[in-house]
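Structure first, commentary second.
Bear in mind that the values in this text are calculations on the coordinates, not laboratory data. Just so we're clear, the structure is a prediction, and the values are computed from it rather than from any experiment. Here the Cβ positions follow ideal geometry from the backbone for every residue, glycine too, while neighbour counts run over all protein chains shown.
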Amino acid sequence: MSNITDYRTISYFDVETTSLNPDTGEIIQICIVTEDRSGNLETWSTKIRPRLQEGTYQKSALKINNFKPKEWINAPIFEDVADKIIEKLRWGPIVAHNAAFDISFIESCLDRYTVWKKGIRTDFQEKTYRLGYPVIDTVALSYLMLDSDRQNLVALRDHLGIDQDGSHEAVKDVMDCRTVFWHCLEKIMSVQR
């Protein structure tokens, strides 16, 4: 267990999207919270202005994620924040709730809207990236460590007594993911004692 307890930083992240399909959908908000070993948190979050072309969104997803076009008018487009996303997620561990979903959207948007290409390491001159390693998914952790019938964030908030207000907003979801992560880690460490 010394790997996770000896971390320099852990980055938690979440994306809100225009649909459930990473091949066509867009990211409309991202939050990345970096925690150092002293527990200090650095939060970076931004709305991302979507193109909203036919086939890139589902009205139900926009509603769930509280998308209101006027609130996104001055938001940057994905290309404007791609370098920052890669910089913040290039080192591991990185933690997300249903991490494969979030990573698939980030990688798809990088592929569709930028010159960045997936590689074996991140190189800003060559424009190759590798997102942090390891990737830790709190869905899997909660399945293993929590006595909850479901592992979605709504069910886990109920199980852990976390307020539901503000869900499907990237900052709230990231902070709740962090709470789930540390709760599971504490259980793992107590089992090892």
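Some points to look at:
- Prolate/oblate/rounded label for the chain (Cα gyration tensor, a/c 1.5): oblate
- Reachable aspartates and glutamates from Lys187, criterion Cα separation under 15 angstrom, eight or more residues apart if same chain: Asp147
- Over the chain, DSSP H runs of length four or greater, each weighted -39,500 (n - 2.57), average out per residue to a 222 nm ellipticity of -12000 deg cm²/dmol.
- Over the chain, Cα pairs under 8 Å with separation of 6+ residues give a relative contact order of 23 percent.
- Put the Cα centre of the stretch 139-175 next to the Cα centre of the stretch 35-78 and the gap is 20 Å.
- Antiparallel bridge percentage (DSSP; both residues within the chain; nearest 5): 70
- Among Met175, Ser142, Gly119 the positive-end extreme of the charge dipole of the stretch 117-193 (Cβ point charges): Gly119
- Which of Ala96, Ser19, Tyr133, positive extreme of dipole for the stretch 1-141 (C-beta unit charges): Ser19
- Rounded to the nearest 20 debye, the dipole size of the chain about its Cα centre is 260 debye, using +1 on the Cβ of Lys and Arg and -1 on the Cβ of Asp and Glu.
- Given the chain, longest segment not containing exposed loop chymotrypsin sites (Phe, Trp or Tyr not before Pro) (DSSP; at most 16 other Cβ within 10 Å): 8-123
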